[in-house]
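Asker: Would you mind keeping the following structure in view while I ask a few things?
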Amino acid sequence: MSKMLEKARNYELTQGQQIKAEERPAFHISPYVGWMNDPNGFSCYKGEYHLFYQYNPYQTQWDSMHWGHVVSKDFLHWDYLPAALAPDEDYDKIGCFSGSAIELEDGRQLLMYTSVQQEKLDDGTVRDVQTQSVAVGDGLDYEKYAGNPVLTAKDLPEGASKADFRDPKIWKEEDGCYYCVIGSRPADGSGQILLYRSKDGFQWEFVSILDENQNRYGKMWECPDFFELDGKYVLLTSPQDMLPEGLEYHNGNGTLCVIGELDPETHKLKEQFSQSVDYGIDYYAMQTLLAPDGRRIMIAWMQNWDTLAYRRNDSKWFAQMSLPRELSIKNGRLYQVPVRELDAMRTNKVAYTDVVIKDTRITLDQVEGRTVDLELVIRPEDKTNVYEKFELRFAENEKYHSALSFRPHESVLKIDRKFSGSERAVIHQRRCQVNKDSNELKLRVVLDRYSAEVFINDGEQVMSAVILTDQNAKGISFFADGAAKIDLVKYDLV
Ligand code: FRU
């Protein structure tokens with residue numbers, strides 16, 4: 001083991017264990033200590049789910065990318081394992097950037113990641129050079145391959161930048177070959193997804209440009225994933241530098257799902273549908289795994305590069321992962337629901353039906369808490385006189401609250417954390433177009449100590465946001481301008 005990795009492992013062991021469990025999210029992954037970004041190597045290996053993550057143990061800021069490592073049997077209770085990779089080679093000394101993992105034929109686990117180094121240009125300036133490298137291991141310790149890097153500038157199609165060539169996502173096909181998709185920047189300055197193939201995971205060849213952005217959805221496409229689901233092919237990617245389009249796409253770092261058919265001859269995606277993956281504030285760099293029972297499960301960094309200023313300054317860890325979500329495709333749309341394992345954490349069921357809320361704010365007995373699973377159906381009390389606005393407040397006390405509000409006449413659902421205790425001028429609200437044809441809105445709101453994830457109409461859309469409000473603010477209340485009628489089921493998540 002390199003000195004650098006040993007140092008990281010010692011540091012996280014001594015510092016990470018000082019963080020009390022109750023200072024972390026209850027069931028969302030947070031870094032052992034320090035900074036975390038993208039999920040990496042989300043995979044099933046020897047009967048357990050492994051997740052690696054972009055990791056700087058030494059600070060709660062991005063720097064010197066290592067790979068952190070956690071393991072779980074149920075997607076909800078995660079154990080920390082020692083850091084898996086450190087940027088300890090010449091070819092990755094600027095960082096071990098994002099990548100993925102797969103089990104090899106011989107039972108070892110292969111990690112494929114972006115190795116970053118720098119080069120000096122003729123004019124004296126320095127720029128990053130991104131290549132792909134691999135490491136093999138046993139689920140705990142990994143050794144970088146002597147032949148690294150395995151994909152370099154010479155494997156790029158014409159015009160593609162060697163400074164933006166990153167985030168390999170690997171899988172195995174029925175033809176016995178490994179494939180991977182990698183984000184790349186073509187000459188037009190936007191993004192494209194490259195497809196590569198390998199017989200053994202070590203020797204790789206270029207196959208095709210799977211899909212091209214052509215400056216439609218932001219610029220560079222980061223962290224791609226590609227898989228077949230419910231008879232369609234799905235490309236997930238996280239575009240940088242987005243411009244807004246209605247309420248579908250927002251400014252800055254966003255998420256994109258393209259659904260289509262795969263041309264088996266040209267290996268190109270024939271696009272049919274596109275949408276955001278998450279309509280909230282904090283969701284980026286999602287990655288999936290195929291569980292042994294056939295479920296396609298997605299996790300993401302529950303954070304956005306553009307809202308890093310919304311943070312706690314007294315914390316020894318920064319950032320968290322989203323809840324793992326089960327995916328499906330219905331009517332050309334991506335649906336997401338929390339992993340069914342979450343049901344086992346539900347306790348203290350409280351149910352209410354046909355509660356009428358009219359021009360007032362109410363609370364309901366035993367409906368409160370910060371680690372909660374809440375199911376709500378909201379409909380007009382009188383179909384011919386539909387209410388103006390319904391609002392659900394949570395993480396609430398006299399001083400603070402966050403809210404979801406629905407305006408049926410505009411079909412707009414808004415998440416708002418403006419009063420959550422934030423002292424920074426970053427985005428605190430986001431709107432989402434929902435329920436175009438119906439006045440009945442169905443919500444499932446999963447709260448953990450520092451987040452809210454809102455599953456809309458059985459997962460047709462999702463809004464995720466970090467909520468850093470003091471844990472004493474645990475109230476939940478309901479308001480309607482006009483008359484709304486709700487059914488509600490609430491569980492504590494324990
Ligand atoms: C996305 C990203 C990846 C890169 C990693 C570096 O959030 O920019 O493209 O591999 O973060 O930490």
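Asker: I need every pair where a residue in the stretch 369-380 that is within 20 Å of K358 (Cα to Cα) has its Cβ under 8 Å from the Cβ of a residue that is among the hydroxyl-bearing types (S, T, Y), sequence separation at least 6 or different chains.
Answerer: Pairs that qualify, where the first residue is within 20 Å of K358 (Cα to Cα) and the partner is among the hydroxyl-bearing types (S, T, Y), are P380/Y387.
Asker: Looking at T152, is it among the hydroxyl-bearing types (S, T, Y), out of contact with any strand residue (DSSP E or B) (no Cβ under 9 Å at 6 or more places or on another chain), away from the ligand (no atom under 14 Å from the Cβ) and without any contact (Cβ under 8 Å) to a residue 24 or more places away in the chain?
Answerer: Spelling it out, it is not the case that T152 is among the hydroxyl-bearing types (S, T, Y), out of contact with any strand residue (DSSP E or B) (no Cβ under 9 Å at 6 or more places or on another chain), away from the ligand (no atom under 14 Å from the Cβ) and without any contact (Cβ under 8 Å) to a residue 24 or more places away in the chain.
Asker: To continue, here is another question. If you check D263, D241, D200, D188, which single one turns out to be within 21 Å of G41 (Cβ to Cβ) and open to solvent by 30 Å² or more (accessible area, probe 1.4 Å)?
Answerer: After ruling out the rest, the residue left standing is D200.
Asker: Restricting to the stretch 413-426, give me the number of residues that are open to solvent by less than 100 Å² (accessible area, probe 1.4 Å) and either among the small types (G, A, S) or touching a His at 6+ places or on another chain (Cβ under 8 Å) (or both).
Answerer: 5
Asker: Right, here's the next one. Can you tell which of T266, T237, T288 is under 30 Å from F206 (Cα atoms) and either part of a loop (DSSP other than H, G, I, E, B) or at pLDDT below 95 (or both)?
Answerer: T266
Asker: Looking at (1) closer than 21 Å to G99 by Cβ; (2) within 13 Å of the ligand (Cβ to nearest atom), can you tell me which one V234 breaks?
Answerer: It is condition (2) that V234 fails.
Asker: Here is a further query. On the basis of being of a type in the set (K, R), more than 12 Å from the ligand (Cβ to nearest atom), over 23 Å from S451 (Cα atoms) and open to solvent by 10 Å² or more (accessible area, probe 1.4 Å), does K46 make the cut?
Answerer: So K46 passes the test.
Asker: Being within 16 Å of the ligand (Cβ to nearest atom), β-branched (V, I, T) and in contact with a Leu (Cβ under 9 Å, 6 or more places away or on another chain) is the filter here, so list the residues in the stretch 289-318 that pass it.
Answerer: Within the stretch 289-318, just I299 meets the criteria.
Asker: A further question on this structure: What are the residues in the stretch 368-412 that are of a type in the set (V, I, T) and buried (at least 20 other Cβ atoms within 10 Å of the Cβ), if any?
Answerer: Once the filter is applied, which keeps residues that are of a type in the set (V, I, T) and buried (at least 20 other Cβ atoms within 10 Å of the Cβ), the stretch 368-412 yields V372, I378.
Asker: Right, next: Hey, can you tell me all the residues within the stretch 244-257 that are within 16 Å of the ligand (Cβ to nearest atom) and either aliphatic (A, V, I, L, M) or surrounded by 22 or more Cβ atoms within 10 Å (Cβ to Cβ) (or both)?
Answerer: G254, T255, L256
Asker: If you don't mind, there's one more thing I want to ask. Consider A26 carefully, then state whether it is surrounded by fewer than 23 Cβ atoms within 10 Å (Cβ to Cβ) and touching a strand residue (DSSP E or B) at 6+ places or on another chain (Cβ under 6 Å).
Answerer: So A26 passes the test.
Asker: Here is a follow-up. Return a yes/no flag: does the stretch 57-72 have any residue that is in contact (Cβ under 8 Å) with a residue 12 or more places away in the chain, away from the ligand (no atom under 11 Å from the Cβ), within 21 Å of the chain's Cα centre (by Cα) and open to solvent by 20 Å² or more (accessible area, probe 1.4 Å).
Answerer: Taking every residue of the stretch 57-72 in turn, at least one turns out to be in contact (Cβ under 8 Å) with a residue 12 or more places away in the chain, away from the ligand (no atom under 11 Å from the Cβ), within 21 Å of the chain's Cα centre (by Cα) and open to solvent by 20 Å² or more (accessible area, probe 1.4 Å).
The values are calculated or read from the model by the stated rules, or taken from the named source; none is laboratory data. What you see is a predicted model, and the numbers here were worked out from it, not measured in a lab. Backbone-built Cβ (ideal geometry, glycine too); neighbour counts: all protein chains shown. These area figures cover heavy atoms from the full protein model, side chains too; ligands, DNA and RNA do not enter into them. Shrake-Rupley method; radii C 1.70, N 1.55, O 1.52, S 1.80 Å.
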